[in-house]
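Visitor: Take this structure, written in structure tokens, and hold onto it; I'll ask about it next.
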Amino acid sequence: MIEIKDKEDCCGCYACYNICPKQCITMKTDNEGFWYPNIDKNECINCNLCEKVCPIITKPKNSLYEEKSYAVFNKNEKIRLESSSGGIFSLLAEYVINNHGSVYGAVFDEDFNVKHIKINKLEDIKLLRGSKYVQSKIEDVFKFIKSDLKNDKLVLFTGTPCQVAGLQSFLQEKYNNLILMDIVCHGVPSPLVWQQYINELKQNYKQDIKNVYFRDKSTGWKTYSIKFLFDKDEYKNIGLKDIYMKGFLNDIYLRPSCYNCNFKGIERISDITVADFWGIENILPKMDDDKGTSLIVVHSEKGKQLFDELSEKMILNEVNLNEAIKYNPSMIKSVKYNEKRNSFFVELNSGKELTDLIRKYTKIRFEKRVKNKIKSIINKLIR
Ligand SMILES: Cc1cc2nc3c(=O)[nH]c(=O)nc-3n(C[C@H](O)[C@H](O)[C@H](O)COP(=O)(O)OP(=O)(O)OC[C@H]3O[C@@H](n4cnc5c(N)ncnc54)[C@H](O)[C@@H]3O)c2cc1C
Ligand code: SF4
Ligand code: SF4
Ligand code: SF4
């Protein structure tokens, strides 16, 4: 039976919850806003299926295919501009839906919580399009996917590498009709912090939110903005200046498992990995018009066949992955633990205002970096 002793050892993928034959696992949210399994011991029959499918206890095997990597963008400029990088997810989703399949990915619900859903209409792809920088809830989705697969439907599942690993572990066998797409993942921020942030914005604007875009490209792909549409007004700020994004990128409120992620590396469980092609202006300037370029890594024969079939809808060039990773270390290594993380959550739970807290904790990190830099310059001068 699963027992979480150290929060780092649970990525919140919901595989245990989905497999339990007695349905005696509930996912409980802690005081940081992240969910963990909780077992009703009176109902548990000690079958150990939950441990067997936990991708942290037993990591599913990566494919042995020799990886191929590309710089890519969708020829459809409208879709590309609505997507976070080159709009490749939308091409895969269109293909699957046109072949009567189902696509599973992350959307906002009516309260702007992020969760995974199934779609099978082309007009719904826009709901999944675009990165949402909050952990997405899987809930019962793995069971729905299994049922679709058993009914011979083509299925595309997209998510973080740990969600893809959780799904593959839950399924316990390989399905030819399943396409797995993961992203290069910096880490996922706390849903509690996200909800507090949008509540503070709603109070400031005294209006309800109609839509949120984490990766608005009107200021460019590289200098993307976060944008909120309210009933009447709009709030837009460069990603690096917005207070929520600052806290995210300073790693103050990521899920504990993200600081020691088990799913980093070039080899993956997925068929295709999608990322922002940061550094494209140095590696392949002709593919950079600041409208968004994806780095695509193909990990399986199935992924390659699909990629080749869609290639006429893309502008693409094969690239050297080791060169690309130099600009995108999240592919292979976890972010460093932020020493102030605990104090941040203690203060947040004591009722302090979120934006003040993020300002306080990102300032401390910046000051520390400046101090370290000065120290190293002095040391060099003394030597
Ligand atoms: C939390 C997070 C961290 C990321 N960190 C990095 C990084 O460090 N480096 C990097 O190069 N790229 C990162 N990405 C990936 C990148 O932002 C793009 O999602 C990717 O390049 C795909 O872009 P696209 O244009 O093909 O499609 P898009 O339409 O932009 O892709 C959307 C896809 O992402 C999925 N998705 C969106 N939000 C979530 C979520 N919260 N959880 C699970 N799946 C989600 C959707 O289901 C959809 O399939 C991150 C994405 C997320 C969500
Ligand atoms: S051991 Fe079996 S019954 Fe008990 S919680 Fe795990 S999956 Fe459920
Ligand atoms: S299966 Fe997923 S949610 Fe369950 S304990 Fe393991 S990592 Fe956590
Ligand atoms: S960093 Fe790792 S553990 Fe965290 S969400 Fe991404 S894949 Fe999962």
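The values are calculated or read from the model by the stated rules, or taken from the named source; none is laboratory data. Only a predicted model underlies this, so the values are computations on that prediction, with no experimental measurement involved. As a convention, Cβ positions derive from the backbone with ideal geometry for all residues, glycine included, and neighbour counts pool all protein chains shown. Keep in mind that these areas ignore ligands, DNA and RNA; they rest on the heavy atoms of the full protein, side chains included. Shrake-Rupley method; radii C 1.70, N 1.55, O 1.52, S 1.80 Å.
Visitor: Which net charge results when you count Lys and Arg as +1 and Asp and Glu as -1 among the other residues whose beta-carbon is under 15 Å from that of Asn320?
Guide: Working: positive: Lys68, Lys326; negative: Glu66, Glu67, Glu318, Glu323.
Value of the local net charge: -2.
Visitor: Only Cα pairs within less than 10 Å get springs; with that Gaussian network setup on the chain, which residue of Gly187, Gly247, Gly220 has the largest fluctuation?
Guide: In the Gaussian network model the winner is Gly220.
Visitor: Where does the charge balance sit around Cys162 when Lys and Arg score +1, Asp and Glu -1, over other residues with C-beta under 13 Å from its C-beta? All intermediate terms of the calculation are to be shown ahead of the outcome.
Guide: Working: positive: Lys59, Arg255, Lys264, Arg268; negative: Glu8, Asp9, Asp182.
Every neighbour counted, the sum reads +1.
Visitor: Placing unit charges on C-beta atoms (Lys and Arg positive, Asp and Glu negative, everything else neutral), compute the dipole magnitude of region 232-279 about its Cα centre in debye, rounded to 20. Please list the in-between numbers first.
Guide: Numbers: 7 positive and 7 negative charges, 31 e Å.
Around 140 debye, computed over region 232-279.
Visitor: Which of Arg129, Arg80, Arg359 ends up with the largest GNM mean-square fluctuation for the chain, with Cα atoms connected below 10 Å?
Guide: Highest fluctuation of the listed residues: Arg359.
Visitor: List, largest first, the extents of the alpha carbons of region 1-127 along their principal axes, each in whole Å.
Guide: Each principal axis gives a Cα extent; for region 1-127 these are 55, 42, 31 Å.
Visitor: Okay, next question. Would you be so kind as to identify all helices of the chain, as entire DSSP H runs, whose Cα atoms reach 24 Å or more along the helix's own axis and whose mean Kyte-Doolittle hydropathy is at least 0.5?
Guide: Taking the DSSP H segments of the chain (at least 24 Å long, mean hydropathy at least 0.5), we get none.
Visitor: Using 10 Å bins from zero, what percent of all Cα-Cα pairs in the chain falls into each bin?
Guide: 5, 22, 32, 26, 12, 2, 0, 0
Visitor: For region 6-59, with the dipole built from +1 on Lys and Arg beta-carbon atoms and -1 on Asp and Glu ones, taken about the Cα centre, which of Cys13, Ile45, Thr29 lies farthest toward the positive end?
Guide: Ile45
Visitor: Considering only the other residues whose Cβ falls under 10 Å of the Cβ of Asp242, what net charge follows from Lys and Arg at +1 and Asp and Glu at -1? Before the final figure, lay out the partial values.
Guide: Details: positive: Lys227, Lys236, Lys241, Lys246; negative: none.
Taking every Cβ under 10 Å from that of Asp242, the sum is +4.
Visitor: When all alpha-carbon pairs of region 7-53 are counted, what percent fall beyond 17 Å?
Guide: Working: 312 of 1081 pairs.
Above the 17 Å cut-off, region 7-53 has 29 percent of its Cα pairs.
Visitor: May I pose another question? Sort by residue number and name the cysteines in the chain that have no neighbouring cysteine Cβ under 4.7 Å.
Guide: So far as the 4.7 Å Cβ criterion goes, Cys10, Cys13, Cys20, Cys24, Cys44, Cys47, Cys54, Cys185, Cys258, Cys261 stand without a partner in the chain.
Visitor: If you don't mind, there's one more thing I want to ask. Magnitude of the Cβ-charge dipole of the chain, K/R +1 and D/E -1, about the Cα centre, nearest 20 debye?
Guide: The calculation lands at about 1380 debye.
Visitor: A further question on this structure: Along Cα→Cβ, 7 Å out, is where each label goes; now give me the distance between the ones at Asn204 and Asp6 in nm to one decimal.
Guide: Placing both labels 7 Å along Cα→Cβ, they lie 3.8 nm apart.
Visitor: If you don't mind, another one. With all protein chains present and a 1.4 Å probe, how do Glu200, Glu281, Glu318 order by accessible area, largest first?
Guide: Result of the area sort, largest leading: Glu318, Glu281, Glu200.
Visitor: Considering the options Val184, Ala93, Asn328, tell which one lies farthest towards the positive end of the dipole of the chain, charges being +1 on Lys and Arg and -1 on Asp and Glu at the Cβ, about the Cα centre.
Guide: With unit charges placed on the Cβ atoms, the residue in question is Asn328.
Visitor: For region 8-49 and region 102-154, what is the separation of their C-alpha centers, rounded to whole Å?
Guide: Taking the Cα centre of region 102-154 as reference, the centre of region 8-49 is 21 Å away.
Visitor: Tell me, in nm to one decimal, what length is gained between Lys121 and Asn99 on full extension, where the rule is 0.36 nm per residue of separation less the Cα-Cα distance?
Guide: Contour length minus Cα-Cα distance gives 6.8 nm.
Visitor: For the chain, with the dipole built from +1 on Lys and Arg beta-carbon atoms and -1 on Asp and Glu ones, taken about the Cα centre, which of Asn74, Ile283, Gln195 lies farthest toward the positive end?
Guide: Ile283
Visitor: Which one, Pro37, Pro21, Pro191, has the greatest fluctuation when you compute a Gaussian network model over the chain with C-alpha springs under 10 angstrom?
Guide: Pro21
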